Each structure stands twice: as structure tokens, then as C-alpha cells.
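The values are calculated or read from the model by the stated rules, or taken from the named source; none is laboratory data. Computed from a predicted structure; not experimentally measured. Note that each Cβ is placed from the backbone with ideal geometry, even for glycine, and that neighbours are counted across all protein chains shown.
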Amino acid sequence: MAEPDGAAPASAAETSARIEYELNLYFQMKLIRAFEERVSRLHRQNKILGGVYSGAGQEAIVTGVCAPLQEGDFVAPLHRDLGVFLMRGVDPGRLMAQLMGKESGLSRGKDSFLHGGDLEHGIFGSTSMLGSSLPVAVGAALKFQIKREKHVAVAFFGEGASSRGDVHEAMNFAGVRKLPVIFVCENNRYAYSTPLEKQMAIENVADRAEAYGFRGHVVSGNDLLAVVQLSERVIERVREDGGPALIECKTYRYRGHSEHDPALYRDKDELVEWESRDPIPRYEFYLEKRGHDIRAIREQIDERTHRIVQQAVDFAEESPWPAPQDALEDLYAPSVTPASPNGKH
Ligand SMILES: Cc1ncc(C[n+]2csc(CCOP(=O)(O)OP(=O)(O)O)c2C)c(N)n1
């Protein structure tokens, strides 16, 4: 029998796969929070190399957007998106080693987290220049289009970065060429200390999409279910038909811009208000309403995430520092000398 909207009813197997998927989203979001909380503590112990830009409060965005992605898709996270690495299946130990500048890290101890990518998992490391990774994601999408590959590129950016020219150029080019790229704005209301109203004269970054010839969507970035449902729909559409999309997730960062920033420019009440909309209890409420024993699940998952994070810390702490004599290795791609027309170089 068809469902009222014409869709076929879900089979028992589909239903149980969906339940597993939804519970896994909860686990992922909790893992990102636990991992980042530990990184903040390690930073205070002076064990992290470079700055730490916590995404606490914004975990539902990376979880919900990355969940529908497939192997071979391309993601350009922003400096606050450590969770992207965990969502893409990067080993937590290697990620922690990257943060500590150890030899076993993604860049073999040659950089901090900030610029560390992992192309094996389709992750382009974030750049210091805000917004400059968007044209790179658009380049990846152009490659997918030229090679007729059914992949998508995702570019995360903040509302602060949205004021940069690179962002405009990337979106315009993607719109003109109808490229399979999804631009995800994590609008957390502050670009360092600059509040939203001093950043832009309109309400939604997503409203700009229309001017580039594609659709913009606004969603609560603190509502994992809403983010994942929208992302599934948008990513599937972009994957099948090409053409870009913009998703703006309204959210808030709990901590300062980075760990050294006490964020005194923010109102305490504002922080409390946003903390009361925390994505984790909100999703727990949903799972409970779906009939899950949330207390038991939470206990089990807390134990699991704690174990994973501890193992990652142990691995990173036990890893050696990079050898000074290797400092100049891996800095450039191996050179390829093009063959000359007469076969001689
Ligand atoms: C082109 C450029 N301008 C300024 C900076 C300094 N800066 C680094 S992060 C940041 C705030 C970024 O805000 P947003 O893009 O909203 O992302 P968020 O940090 O809020 O996640 C600024 C101003 C920079 N890195 N690049």
C-alpha cells in the first residue's frame, strides 16, 4: 500500500537501518564534543601546537552535512570544523597527533591543525585567508563535472568569510557553470569580535544565493535532525542534477574565537540563551520521543567516546616528534618532467 504522499512504505530492514543511522549521528555528535573538550583542556596544558578554534555548540552542522556524503566527495572545512575529520573517518589518534604536532599526524608534524588536510579522506585543509578554500572546492566540483563523476564538493565558511571577494567569485563561477558544490555557511553571529549586524546589512547569507542563480536554504544549525534532513535532500539533488546550493545554518559558538579569547564582547545572557538550545539535549529529546532509552544510550556512548578520545591522546602523546632532518621533505609535490615532442628531455 502506498503512503498518503505516494511514497512506498519503509520495509522493516529500511526502518532498522534508519534507526541505526540516527543513533550513529548521536554518537558522532557526542564524539566531536568530547574530542573538542579534551583538545581545549590539552591546550591549557600547553600540549597543542598553534591555535584552537572550538566548534562547541556547532557540532550538529558538521555531523548533519557530512552524514550523507560518500567516499570520493570533497570537503573544505573551516578552521572550526575539526568534526569534519571525524565524520570523514580520519583516525582520531592521527588527528590528535596532528593537533600536537607529532610525526604520526596528518602532515607528519609539519603544521598545526589549522592547515592540515587529508586528501585520502577527501578533506582539503583550511587556509588562513578566510574564504579562500571556496574557490578550491569549486575547482574540485569543476573536475567532477568535466569527468562526469557523481561526486559533490562541500565548502564550509563563516558569515565573516562571506564578506570576502573569494566567496563571491566562487559562488558566481559555480552558478555560471552549474557545478556540483554545496556552500555551507556556519553563521555563529560573530566573526572574531565583529557581531553580525556590523558584518552584513541583510538577515540571511542564504538570500545571496538567488543572485548567483541557485537556491539558498536557512536551517537551525542547532537542530541535527533538521540539518541532516535538509542536507540529504540538497546533496542528493546536487549529486544527481548538478548545480550548486547554499545552506545557511544559524548557530552560536560557546567559546571565544579561539582559546585565548575570553569573548568579553558578548553578552552573558546571549550565551546562556544559546546554550539552552544546545544541539545534544535537543537531539536526545528527539531520540527519546522515538522510543529510545536515552539514559542507557547516553551512558553507553559517553563511555565509548571517552575511550576513543583517551586512546587518541595516548597515541598522540606516545608518538615521536618529527625528525629535524625530515623538515624539508613532503613540502612540494614530486616534480614530473614533461616529455619533449622528440622524446628527449
Ligand atoms: C581575509 C582574512 N581576514 C581576516 C582574518 C582574521 N580572522 C581569522 S578568523 C576570523 C573570524 C572569522 O569569522 P567567520 O568567518 O564568521 O568564522 P568563525 O570564526 O566565526 O567560525 C578573522 C577575522 C583572516 N584569517 N583572513
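Counting only residues that are assigned to a helix (DSSP H, G or I), surrounded by fewer than 20 Cβ atoms within 10 Å (Cβ to Cβ) and of a type outside the set (A, V, I, L, M), the stretch 95-134 holds 3 of them. Out of L224, L246, one residue alone is in contact (Cβ under 8 Å) with a residue 24 or more places away in the chain, surrounded by 17 or more Cβ atoms within 10 Å (Cβ to Cβ) and over 30 Å from R177 (Cα atoms). It is L224. Sub-8 Å Cβ pairs linking a first residue in the stretch 183-197 that is among the acidic types (D, E) to a second residue that is near the ligand (Cβ under 7 Å from one of its atoms) and not in a strand (DSSP E or B), at least 6 apart or interchain, are E186/L78; E186/R80; E186/E159, ordered by first then second residue.
The residue of the stretch 43-62 that is farthest from L114 (Cα to Cα), among those that are surrounded by 18 or more Cβ atoms within 10 Å (Cβ to Cβ) and more than 16 Å from the ligand (Cβ to nearest atom), is H43. When the stretch 150-166 is filtered for residues that are more than 12 Å from the ligand (Cβ to nearest atom) and not hydrophobic (A, V, I, L, M, F, W, C), the ones remaining, listed by number, are K150, H151. Just one of the listed residues (Y254, Y286) is more than 16 Å from the ligand (Cβ to nearest atom) and of a type in the set (S, T, Y), namely Y286. Among the residues of the stretch 31-50, those identified as of a type outside the set (D, E, K, R) and modelled with pLDDT of 95 or more are L31, I32, A34, F35, V39, S40, L42, H43, Q45, N46, I48. Among residues of the stretch 126-149 being free of Cβ contacts under 8 Å to residues at least 24 places away in the same chain and more than 9 Å from the ligand (Cβ to nearest atom), the one that is farthest from R239 (Cα to Cα) is G139.
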